[in-house]
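Written out below as structure tokens is the structure these notes cover.
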Amino acid sequence: MKSIALAGNPNTGKTSLFNMLTKSYEYVGNWTGVTVEKKIGKLKSGDAELIDLPGIYSLNPLSKDEGISINYLMNESPSTIINIVDGSLLERNLNLTIQLLEYGKPLLIGLNMVDIAKSRGIRIDQKKLARLLGVPVVPIIARTGSGCDEILEQLGQSASSSTFQIDYGEIIEEAISEIDDRLDADLPYHHRWLAIQFLEGNHVVKDKLSAWIPEKDLNEMYNRTEKKIKDTGESHTLPSYIYKVRNERIKSIIGEAVYVESKS
Ligand code: GDP
Ligand code: K
Ligand code: MG
């Protein structure tokens, strides 16, 4: 059976949407090794299961709990990801969205909390956002179920992966190519995503990569790339440099697709 994963920041409405999209629980328990609730349900439409992943701000885990989502993405193969984002906190939410886009699987954005966004004067041009990110964006209010049928409809259509890509600059792009060159073409992961996550300091991805590239080479590559960044006069570590470049792109997306009405 096809698996669809629900991913997003904490408190964005994942569980609310999960309940709206599923007709029955298949499984409720805990993720292995942690006391974080794991829920799997049957989708109301079609033959697929929906998995409610724990809320995270980044795929780079800082704790065991936060590691669940990245481990899931490394070890399972969801056919589609529904990324639920809080429309009233879009800028903060897009950091994870971009990492999920870079993962390279078909993705659909549930733009949630549009009622709160509206009450705060935040207007999101969802068509523009969809065009800038290269994926469908469906406005929803998960608490009331508004827009959830459109999510089901979108899931029924053939999904394709986004071609969204950030140019991280010459130094990072060189490191990405170097990693790409050393990986077999038939790995079930996007090389570019693995490389970016590794350079961002994601140790789960590094562990995986070390099956194909010796750890000492990975360390050498990482240190050499970080030194090049520092030699340009940047005070950044490698992870914070990548975060900075990504954030610049997020700011430009927000600038194009979001308007805040000033209330007088
Ligand atoms: P999760 O942590 O991502 O699973 O989020 P939940 O589904 O538990 O939702 C967090 C809180 O936001 C709950 O109090 C929900 O009732 C509320 N919520 C979810 N979706 C919406 C929405 O679209 N609008 C509003 N106003 N509240 C929502
Ligand atoms: K919650
Ligand atoms: Mg939840």
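Remark: region 98-139 carries a charge dipole of roughly 160 debye about the Cα centre, counting +1 on each Lys and Arg Cβ and -1 on each Asp and Glu Cβ. In a DSSP loop and with at most 14 other Cβ atoms within 10 Å, the chymotrypsin sites (Phe, Trp or Tyr not before Pro) in region 170-240 are Trp212. The alpha carbon gyration tensor of the chain gives principal lengths a ≥ b ≥ c with a/c of 1.5 or higher and a/b no greater than b/c, which makes the shape oblate. Backbone phi angles across region 215-226, fed through the Karplus curve with coefficients 6.51, -1.76 and 1.60 (θ = phi - 60°), yield HN-Hα couplings of 4, 5, 5, 4, 4, 4, 4, 4, 5, 5, 5, 5 Hz in residue order; Gly and Pro are listed as x.
Only Cα pairs under 8 Å and 6+ residues apart enter the sum, and on that basis the relative contact order of region 62-121 stands at 40 percent. Distance from the Cα centroid of region 71-87 to that of region 117-172 is 14 Å (rounded to whole angstrom).
Per residue, the solvent-accessible area of the chain (1.4 Å probe, heavy atoms of protein chains only, all protein chains present) comes to 48 Å².
Highest mean first, the peptides 118-124, 239-245 sorted by other C-beta atoms within 10 Å per residue fall in the order 239-245, 118-124. Applying a DSSP loop filter and a limit of 15 other Cβ atoms within 10 Å to the chymotrypsin sites (Phe, Trp or Tyr not before Pro) in region 1-106 leaves Tyr57. Using R0 = 30 Å, the C-beta based FRET efficiency linking Arg131 and Glu76 works out to 0.50. The label point for Arg224 and the one for Leu183, both projected 7 Å from the Cα toward the Cβ, are 1.8 nm apart.
The share of Cα pairs per 10 Å bin across region 165-221, counted from zero up to the longest distance, runs 22, 63, 15 percent. Every helix of 4 or more DSSP H residues in the chain counts as -39500 (n - 2.57), and over all residues that averages to -13500 deg cm²/dmol at 222 nm.
The values are calculated or read from the model by the stated rules, or taken from the named source; none is laboratory data. Just so it is clear, the structure is predicted and the values come from calculations on it, not from any experiment. Methodologically, a virtual Cβ is constructed for each residue, glycine included, from the backbone with ideal geometry; neighbour enumeration extends over all protein chains shown. Accessible surface areas use protein heavy atoms only, side chains included; no ligands, DNA or RNA. Shrake-Rupley method; radii C 1.70, N 1.55, O 1.52, S 1.80 Å.
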